[in-house]
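Each reported figure results from applying straightforward, stated rules to the coordinates on display, with no laboratory input. These numbers come from a predicted model, not from an experiment. Here the Cβ is made from the backbone with ideal geometry for all residues, glycine too, and neighbour counts use every protein chain on show.
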C-alpha cells in the first residue's frame, strides 16, 4: 500500500519560523494548524537557523527539520502531511487467546523455556528477525512462518515487537516496502509496528514527523496483510488531544506504547505517567493498550488502575532473570539459582498473576489512595 499523497505536500518552515509554518496553530494561513510552536529545549536550533540549500552535509543529518535540504522528500515519504485523519487501521484485529502477559524471549527455540508452562503466546524483538548488520530479514525467518521459526506449538501465538535502536528502525523504514511481503509470509498473530523515537531535545518537526510515521507504518503493514498495532508517543498535551480525537474517530482494537526508555523514577513520574494518566481517561473503552518495558509491580499496578483489563504487558524480564537463575516474585528479585526453564516459568506466572488477579475494585482503591510510588 502507498499512502495517498495530498495535492500539495506540506513542509515545515525553514529555520523554525512559526509565523509562516503551515502547521503553526497561530498562523492564520496554516493548512494544518496542529503545532503550538517550536521546541524551547531543542539542541539543533543553531544548525536549523544557519542551514542553506548549499550545505553539503544537511541531507546526512539524523534529525529532520524545516531547514533540511531534503525535507520535502521526507514529508512525501510520510504521506505529505502530519495529520492523522487518513490513518484508519481498518483491518487490525485482536487475536483470540492472547494472554494479558506475553514474555519476550531472546531465542528462536522457546521449547527449552516452555516446558510444562505451555504459555499461550511468545514475543521476539525486531533484531531477532531483521538484521542490524545487513538490514535484511535473517535467514532463520525466510520462507517460513513465525510460529515455525520460533518452534511454537499448535495454538500458541507469535508476537513481533518491532522496536529497536534508532539505526535499526530507520533502516527498516527505508526498506519497508521490500520487507512487508516477507513479514506477511511469517503470519505473525500480532506485530507491534516499529516505532520512531521522540527525544526532548529534538526540533518539533522531528517529533511530528515521527508521530506520523509511527501510524503510517502500521497502516502500511495492515494493507500488506500483517496484523499490526501502531505505537504512539507524545511530548505535549496537544499531541495527546490529537490522538484522542483520532482514536475516537476510528476506535482501533489496540494501540501500543514503548515504555522501555523510562527507566528512572523521574522519567516515569515526570514524563510517562502524566501522559498515561491523561490517555487512560480518553482511550475508547473498546481499545486495548499494549505496553512494553514495564516490569515493576508498582508501575503495573498504576497502569492497571488506569486501564484495567484492557492492559496487555510484554516484558523481557522473565528470560533476563532466568538466564541468571533468578526469579521475580512478591518480595522482588530472588537469586534462587534455579534451572532456566523453572525460573522462567515462575516469573511468567508471577507477572501474569498481577494482571489476571486484578479486579475493578482494585482500580477504585488505587485511584482513591492516589496510586503507588513508581
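Some points to look at:
- Computed label-point distance, nm, for sites residue 62 and residue 265 using a 7 Å Cα→Cβ extension: 3.1 nm
- The label-point distance for residue 333 and residue 285, in a model that sets each label 7 Å from Cα toward Cβ, rounds to 4.1 nm.
- R0 of 35 Å, Cβ-Cβ distance residue 136-residue 323: FRET efficiency to nearest 0.05: 0.80
- Label point distance in nm, residue 91-residue 356, each placed 7 Å from Cα along Cα→Cβ: 3.3 nm
- The helix-based estimate of mean residue ellipticity at 222 nm for the chain, built from -39,500 (n - 2.57) per DSSP H run of four or more residues and divided by its residue count, is -10500 deg cm²/dmol to the nearest 500.
- Treating r as the C-beta distance of residue 43 and residue 342 and R0 as 51 Å, the FRET efficiency rounds to 0.60.
- Shape call, the stretch 96-211: gyration tensor on alpha carbons, a/c limit 1.5: prolate
- Listed by Cβ neighbour count within 10 Å, with the fewest neighbours leading, 34, 327 appear as 34, 327.
- Cα long-axis angle, helix 297-307 against the chain (0 to 90 degrees, to the nearest 10): 60 degrees
- Proxy reagent accessibility, fewest Cβ within 10 Å first, across 287, 81, 331, 264: 331, 264, 287, 81
- Among 32, 238, the ranking by other beta carbons within 10 Å of each residue's beta carbon, starting with the fewest, stands as 238, 32.
- Compared with the alpha-carbon gap, the fully stretched path from residue 154 to residue 277 is longer by 40.5 nm at 0.36 nm per residue.
- Helix 204-223 axis, angle to the chain major axis (alpha carbon atoms, nearest 10°): 60 degrees
- Between residue 178 and residue 36, the contour length at 0.36 nm per residue exceeds the Cα-Cα span by 47.5 nm.
- Measuring between their Cα centroids, the stretch 310-327 and the stretch 268-304 lie 18 Å from each other.
- Cα-based shape type of the stretch 226-281, given that a ≥ b ≥ c are square roots of the gyration tensor eigenvalues and the cut on a/c is 1.5: oblate
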